[in-house]
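Here the structure is laid out as structure tokens; the discussion comes afterwards.
The values are calculated or read from the model by the stated rules, or taken from the named source; none is laboratory data. Note that the structure is a prediction, hence the values are computed from the model and not measured. Positions of Cβ are backbone-derived with ideal geometry, glycine not excepted, and every protein chain shown enters the neighbour counts. Protein only, heavy atoms only, side chains kept; ligands, DNA and RNA dropped before computing areas. Shrake-Rupley method; radii C 1.70, N 1.55, O 1.52, S 1.80 Å.
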Amino acid sequence: MKIKSGFVIREIAGQYMAVPVGERVNDLHGMIALNETGAFIWNLLENEQTEDDLAKALIEEYDVSYEDALEAVKEFHELLIREQVLEATNT
């Protein structure tokens, strides 16, 4: 999975926001609020990643088990699908 181009992350008053720019503004009206972990994952998704890749990155960055990291990734993945911000993949 990978985030579509046309989004930037901004920190506003301690909250991270994914903001559409350029033509992407037509696809997403508004912003997506992210916590620190969500912003960390979002930044990793600038390049193609699997759920396993992301879970392993969370383990390295935060003191969490693989199971908890994978569950967090799956929940975040569902959010990104709902918001339609992921590039289509062949898998």
Val73 in contact with a helix residue (DSSP H, G or I) (Cβ under 8 Å, 6 or more places away or on another chain), of a type in the set (A, V, I, L, M, F, W, C), crowded, with 16+ Cβ neighbours inside 10 Å and on the phi < 0 side of the Ramachandran plot: yes
Among the candidates Gly30, Gly6, Gly22, residue that is open to solvent by less than 50 Å² (accessible area, probe 1.4 Å) and out of contact with any Asp or Glu (no Cβ under 8 Å at 6 or more places or on another chain): Gly30
Single residue of region 31-56 satisfying the filter (part of a loop (DSSP other than H, G, I, E, B) and among the acidic types (Asp, Glu)) that is nearest to the chain's Cα centre (by Cα): Glu46
Residue within region 57-73 that is in a loop (DSSP other than H, G, I, E, B), in contact (Cβ under 8 Å) with a residue 24 or more places away in the chain and not charged (D, E, K, R) present: yes
Residues of region 59-70 classified as among the hydroxyl-bearing types (Ser, Thr, Tyr) and surrounded by 13 or more Cβ atoms within 10 Å (Cβ to Cβ), total: 1
Which numbered condition Ala88 fails, given (1) in a loop (DSSP other than H, G, I, E, B); (2) under 11 Å from the mean Cα position of the chain (by Cα); (3) exposed (fewer than 14 other Cβ atoms within 10 Å of the Cβ): (2)
